[in-house]
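Each remark here refers to the structure printed beneath this line.
No lab work stands behind these numbers, since they all come straight from the coordinates. Since we're looking at a predicted model, the values are computed, not measured. In this analysis, Cβ positions are derived from the backbone assuming ideal geometry, glycine residues included, and neighbour counts consider all displayed protein chains.
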Amino acid sequence: MVTHRILAVSSTRADLGYMRFVIKELKGDPRFDIVVVATCMHLASSLGKSIQEFTNVGIMVDEEIEMLLDADTPSGIVKSMGLGMIGFADLLRRVRPDAVLIMGDRFEILSVVATCLPFLIPVIHIAGGDISEGAIDDSIRHAITKMSHFHLPATEKNAERLRQMGEEDWRIQTVGELTLDFLTTEKLMTKKEIENKLSSKINNDTLLVAYHPETMDVENVPKHVQILTEALSKTGLPMVITGPNVDVGSTFIRESLQVFAKKYPRAVYAENLGQRCYLSLMRYVGALVGNSSSGIVEAPSFGLPFVNIGRRQDGRLKALNVIDVLVEEQAILDGIQKALSDDFRKSLGHLKNPYGDGHASKKIKQALLEWLPKRSQALSKHFVER
């Protein structure tokens, strides 16, 4: 029996929330030898050192690659990428995997993929073809696409974008969003369990706030955060606020939200809720407010209204739960009012999630079993004119 050695890389608690399902699916099959690599935010003590999340979800880390120096400035990001390439070069030389499995569109993943090129190691990319025009993620994601050899997009629309970039049909398999596998394989927390964890009551008028930098408009981050917090303070509603991703501008957002939560008596700030608690909150809160992709991808499964602030998610496929608003105080307040209205809530009663059925990991395994025997052929890419 042929065994395929695959390096599976996770850099944040967010992508581990997705990757954990396919890692477990592959680890349970003797045809795969999975080497789990933790890097970047997982190893940053200042950001909660989320490597503990692997243990929490029952996955053993085989390798750790330190790389994060500073992600709040352009020079810090570039230096971190360079350090990551050095670390992964040593790892690839030592482990020599048959392929590397990565996900998404973050700068540290770009450094992993670029390192694979000289080693002639095929890259398997999850979630390519997506669009988020308000962030540099688009440029990173599309660059990763062109350096990858097998593609696992979430939707058929995303698959079509990959074809438009010249990728061959046989390299593309639409599988849905991995994070939705949580809803078919895991048990959510009860309301009481969440309240005990947060030491706060949760009701159907509670807001879940998740706000990240618009990396294409970094100079306006201070202004935008001030507008957001002023709007939130005027709602008079209880809220749970989560920490932002590590990107340029994230430190200012994090510190501003922490200060706001200390001043606003009905706010609870949690830097790292963990996937189970975060998704469980979606079942009980009244609305999600911010610019997180979770409002686009996961919230529809709960029929949860999402007040989508600004341009960070521009270009994404959106279900009817999404209320797009400008970064303006009154627009945010109006969006929250609409989200919590009985009519809008009732309109989402039979909402279908356009991002999949919760069985992406099984589809990924089948695709890999078809692709990996062709990995030598895959290294030579042909651009398809369309």
Quiz item: Which three extents, in whole angstrom, do the alpha-carbon atoms of segment 268-386 cover along their principal axes, largest first?
Solution: 55, 33, 32
Exercise. Please tell me which of these pairs span more than 31 angstrom C-alpha to C-alpha: LYS187/LYS352; LYS79/LYS362; LYS187/LYS365; LYS146/LYS223; LYS234/LYS346?
Key: LYS79/LYS362; LYS146/LYS223
Quiz item: What percent does the relative contact order of segment 167-308 come to when contacts are Cα pairs within less than 8 Å and at least six residues apart?
Solution: 30
Practice problem: Compare PRO97, PRO118, PRO265 in a GNM of the chain, Cα atoms joined below 10 Å, and give the one with the largest fluctuation. | Solution: PRO118
Self-check item: Other-chain or far-sequence residues with amide H under 5 Å of ASP324's (modelled H)
Solution: ASN308
Quiz item: Short version: ³J(HN,Hα) in whole Hz for each residue of segment 201-210, in order, from phi by Karplus 6.51 cos²θ - 1.76 cosθ + 1.60 (θ = phi - 60°), x for Gly and Pro, what are they?
Solution: 6, 10, 10, 7, 10, 6, 9, 9, 10, 9
Quiz item: In a shell of Cβ-Cβ distance under 10 Å around ILE34, excluding ILE34 itself, what net charge do Lys and Arg (+1) and Asp and Glu (-1) give?
Solution: -1
Quiz prompt | Other-chain or far-sequence residues with amide H under 5 Å of LEU101's (modelled H) | solution = LEU7, ALA8, VAL9, ILE124
Quiz prompt | Candidates LEU91, LEU281, LEU257: whichever shows maximal mean-square fluctuation once the chain is modelled as a Gaussian network with Cα springs under 10 Å | solution = LEU91
Quiz item: So which aspartates and glutamates can LYS24 reach, going by Cα to Cα under 15 Å and dropping same-chain residues fewer than 8 places off?
Solution: ASP15, ASP33, GLU53, ASP62, ASP181, GLU186
Practice problem: Give, as a single signed number, the net charge of other residues whose beta carbon lies under 12 Å from the beta carbon of ILE140, with Lys and Arg counted +1 and Asp and Glu -1. | Solution: -3
Quiz item: Any idea what the alpha-carbon Rg over 2.2 N^0.38 Å comes to for segment 191-347?
Solution: 0.94
Quiz item: Roughly how many nanometres apart are two label points built 7 Å out from the Cα toward the Cβ at ASP62 and VAL95?
Solution: 0.6
Quiz prompt | GNM top mover of ASP357, ASP98, ASP29 - the chain, alpha-carbon springs below 10 Å | solution = ASP29
Self-check item: Relative contact order %, the chain, counting alpha carbon pairs below 8 Å whose residues are six or more apart
Solution: 17
Quiz item: 222 nm [θ] for the chain, helices only, -39500 (n - 2.57) per DSSP H run of 4+, per residue, to 500?
Solution: -12500 deg cm²/dmol
Quiz item: Once you list every other residue whose beta carbon is under 13 Å from the beta carbon of ASP130, what net charge do they have if Lys and Arg are +1 and Asp and Glu are -1?
Solution: -1
